[in-house]
1. Considering only the range 46-64, state which residues are out of contact with any helix residue (DSSP H, G or I) (no Cβ under 6 Å at 6 or more places or on another chain) and among the hydrophobic types (A, V, I, L, M, F, W, C).
2. Residues of the range 24-58 being of a type in the set (D, E, K, R), closer than 15 Å to residue 78 by Cα and out of contact with any Pro (no Cβ under 9 Å at 6 or more places or on another chain), which ones?
Amino acid sequence: MLVGHRAQSVRRARAVEATTDMNEYFARQGLVRPRDDRILGGVCAGLGRRFGISAWGARFLFVLILMLIPVSQILIYPVLWVLMPSEDRPAPA
């Protein structure tokens, strides 16, 4: 029983490490969810900021692509929400 618990702990630690690695990768690429301009999770605002368009422009493209390829963004948005780190709070002055 102890061996099974240990294996489960190792798997959980690896999953957390993989998520942390992905968060760091996304942050290095400039893909972060900003604290301002959020409506739901900040994914569209972050994508817009990264690619140099407004948050509303990114939201419009998101809806447009959703109409062209149904369901795809409904699956992608939650994944990006988890993988894109939230923008750090500025240090208090």
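Quick note: the coordinates plus some simple rules give every number you see, no bench work behind them. All figures in this text were calculated on a predicted structure; none of them were measured in a lab. Every residue, glycine among them, receives a Cβ derived from its backbone with ideal geometry; neighbour counts consider all protein chains shown.
1. 51, 53, 56, 60, 61, 63, 64
2. 38
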